[in-house]
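Novice: Questions regarding the structure given below will be posed in turn.
The values are calculated or read from the model by the stated rules, or taken from the named source; none is laboratory data. Please read all numbers here as calculations on a predicted model, not as lab measurements. All Cβ positions, even for glycine, are placed from backbone atoms using ideal geometry, and neighbour counts span all protein chains on display. Keep in mind that these areas ignore ligands, DNA and RNA; they rest on the heavy atoms of the full protein, side chains included. Shrake-Rupley method; radii C 1.70, N 1.55, O 1.52, S 1.80 Å.
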Amino acid sequence: MKSISVKLSTIFFSVFMLIGCGSSDTPAPVNILFVGNSYTFARIAPALQYNAANIKDMTADFNTTDPTGGNSFPVGSGIPPSPCLTAGTGCFEPHPWGGVPGIFKAMTVQMGLDYNVSMSTRNAATLRGHFLNTANSKWDLRANIAKEKWDAVVLQGQSDEPLSPLKSKNGNPVSFKTYANLIEQYVHKGSGTTTTEADIFGGLANCTAALTATIPGPGLSSGSCTTSRVIPANPNANPNAKVFLMQTWARPDMVEAHKCTAADKNSMNGAPIVDATCSAGANGSATTGLNSLYYTGKPTTAENLKDMTTDMANVFYGLASSNSNFAGVVPVGNAFQTAVNANSVKSTGFYKADGTYDESGSQINLWWLDRTHASVYGSYLTALVTFGRITGMNPTALGAGEISAKDLGISADHAVMLQKVASQTLLSAGVELR
């Protein structure tokens, strides 16, 4: 992929973050918001709740009011060693969440930086869901974006949505790009309006056009397209905010053959168990019990992951290039692939011959048991890349004594290795590091 040089404005922003402005000797804290889903809040302990006391989990109150659609119901249970209160009801993602923002916050403190870190996330949320509150009307995710004046915003969408629908279950690049652009505009300009998605996509025909049409559409129903959407003005819009796109990683569950799984709602972490019906065929073949795969053209898992990473990177960097109001890309997916290419992490054999997950081997694994969410190592790498991209500081400066790695149970050697991977990835993308 062609390297993308950092714009001067981004460099100036990094300097501002360190020295502040005006005559005060104490620079103002940098106010940063992470918008995303379980890839951002990190899904599993100990990353899930790491440093939660020192960041703002803006959806914790929503979950207390109405946990529908989340995994932390009933509220207040599921924190080890306390079991779920109700058998068969998932409670494995209890708030408050720290996740990647919590790790990021710890890194900034260690380097003497002052960041106010907030997070607005929900399971499986798309950027459409964040902007239109389509997942649960009681979770006013859009209001979180407008609640404060942000200096920086990091957008992380649904994991495979940016990909072609021919290469992913949830592929919808038209919707992904559209709502990423709308959130960018909302952060920068904050204009309110009453509209429909038909208006947003340029007419009803465009709005209902299939994902695979000659001119692709978002594939929405007529009812969704004509529903009136009230978008209140953003009173805290900031034209100088830096809005970044977080490039997510390739997924082994889309590459290697394995049985369909579902989260075990009677477990403490929702670890995957075999789903012989493949959710009645929605996730694969109910006849064979095997999950659907999308990247299989190359002879090795590592090469197929690389193909998926390349497709993902092209979408993210293409979007950033087409809309200069984005500050750039946080190349987390490229960092995962950098580690895979170097054979520094597990890059094959994610599943046993019987189709269940395989955790054998001496190498660390960037992916959790479901082979889509990040492991603790993957969340740590995500935070490192984010730290370097946002602050402009080289992740290797954190060193072997980095506090969050120790807290998360990551050895000094592995922490240093992942710091080098993050640094190499950022430099390869043209990011200038101090």
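Novice: What about THR386, is it modelled with pLDDT of 95 or more, within 21 Å of ASN51 (Cα to Cα), β-branched (Val, Ile, Thr) and touching a strand residue (DSSP E or B) at 6+ places or on another chain (Cβ under 9 Å)?
Specialist: Considered against the rule, which asks whether it is modelled with pLDDT of 95 or more, within 21 Å of ASN51 (Cα to Cα), β-branched (Val, Ile, Thr) and touching a strand residue (DSSP E or B) at 6+ places or on another chain (Cβ under 9 Å), THR386 comes out as yes.
Novice: Answer yes if at least one residue in the range 78-93 is closer than 19 Å to ALA374 by Cβ, at pLDDT 70 or above and in contact with a helix residue (DSSP H, G or I) (Cβ under 8 Å, 6 or more places away or on another chain), and no otherwise.
Specialist: Yes, that holds for at least one residue.
Novice: Can you tell me which condition LEU418 does not meet? The list is (1) outside any helix (DSSP H, G or I); (2) crowded, with 19+ Cβ neighbours inside 10 Å; (3) not aromatic (Phe, Trp, Tyr), and all the others hold.
Specialist: Every listed condition holds for LEU418 apart from (1).
Novice: Residue by residue through the range 101-137, note down the ones that are β-branched (Val, Ile, Thr) and within 16 Å of ALA60 (Cα to Cα).
Specialist: VAL117, THR121, listed by residue number.
Novice: To continue, here is another question. Any idea which residue in the range 342-354 is most open to solvent (accessible area, probe 1.4 Å), counting only those that are touching a helix residue (DSSP H, G or I) at 6+ places or on another chain (Cβ under 7 Å) and not hydrophobic (A, V, I, L, M, F, W, C)? Show your work before the answer.
Specialist: Here is the first cut: in the range 342-354, the ones touching a helix residue (DSSP H, G or I) at 6+ places or on another chain (Cβ under 7 Å) are 344-345, 347-348, 350.
Keeping just the survivors that are not hydrophobic (A, V, I, L, M, F, W, C) gives 344, 347-348.
Numbers: SER344: 39, SER347: 18, THR348: 83 Å².
Checked the range 342-354; the qualifying residue most open to solvent (accessible area, probe 1.4 Å) is THR348.
Novice: Follow-up question, since we're still on this one. Mind checking which residues of the range 124-176 are on the phi > 0 side of the Ramachandran plot and either buried (at least 19 other Cβ atoms within 10 Å of the Cβ) or of a type in the set (A, V, I, L, M, F, W, C) (or both)?
Specialist: Of the residues in the range 124-176, the ones on the phi > 0 side of the Ramachandran plot are 124, 133.
ALA124 - this is the single residue of the range 124-176 that is on the phi > 0 side of the Ramachandran plot and either buried (at least 19 other Cβ atoms within 10 Å of the Cβ) or of a type in the set (A, V, I, L, M, F, W, C) (or both).
Novice: Also, I was wondering about something else. Is it the case, given these coordinates, that LEU220 is within 27 Å of the chain's Cα centre (by Cα) and within 30 Å of MET119 (Cβ to Cβ)?
Specialist: Numbers: within 27 Å of the chain's Cα centre (by Cα): yes; within 30 Å of MET119 (Cβ to Cβ): yes.
When the stated conditions are applied, LEU220 passes them.
Novice: When the range 30-49 is examined, which residues are found to be under 20 Å from GLN110 (Cα atoms) and open to solvent by 30 Å² or more (accessible area, probe 1.4 Å)?
Specialist: If the condition is that a residue be under 20 Å from GLN110 (Cα atoms) and open to solvent by 30 Å² or more (accessible area, probe 1.4 Å), then PRO46, GLN49 are the ones that fit.
Novice: Right, next: Give me a count of the residues in the range 396-415 that are crowded, with 20+ Cβ neighbours inside 10 Å, part of a helix (DSSP H, G or I) and in contact (Cβ under 8 Å) with a residue 40 or more places away in the chain.
Specialist: 2
Novice: Find all pairs meeting these conditions: Cβ atoms under 7 angstrom apart; at least six residues apart or on different chains; first residue within the range 166-178 and of a type in the set (Val, Ile, Thr); second residue in a helix (DSSP H, G or I).
Specialist: Matching pairs, first to second residue: THR178/ILE200.
Novice: Please verify whether TYR357 is surrounded by fewer than 23 Cβ atoms within 10 Å (Cβ to Cβ), closer than 15 Å to SER159 by Cβ and in contact (Cβ under 8 Å) with a residue 60 or more places away in the chain, treating the condition exactly as stated.
Specialist: Working: surrounded by fewer than 23 Cβ atoms within 10 Å (Cβ to Cβ): yes; closer than 15 Å to SER159 by Cβ: no; in contact (Cβ under 8 Å) with a residue 60 or more places away in the chain: yes.
No, not satisfied.
Novice: Among (1) buried (at least 23 other Cβ atoms within 10 Å of the Cβ); (2) modelled with pLDDT of 95 or more; (3) farther than 21 Å from TYR380 by Cβ, there is one condition MET119 misses while meeting the rest; what is its number?
Specialist: (3)
Novice: For the range 189-273, which strands (runs of 3 or more DSSP E) that fit wholly inside it have 3 or more residues that are buried (at least 19 other Cβ atoms within 10 Å of the Cβ) and touching a residue at least 24 places away in the same chain (Cβ under 8 Å)? Before the answer, list the steps.
Specialist: Working: elements: 193-195, 229-231, 242-246, 261-263.
Per the criteria, 242-246.
Novice: Filter the range 274-302 down to residues that are touching a residue at least 60 places away in the same chain (Cβ under 8 Å), part of a loop (DSSP other than H, G, I, E, B) and under 23 Å from SER347 (Cβ atoms) and give me whichever is least open to solvent (accessible area, probe 1.4 Å).
Specialist: TYR295
Novice: Mind counting the residues in the range 333-389 that are part of a loop (DSSP other than H, G, I, E, B) and either farther than 20 Å from ASN304 by Cα or of a type outside the set (A, V, I, L, M, F, W, C) (or both)?
Specialist: Result for the range 333-389: 22.
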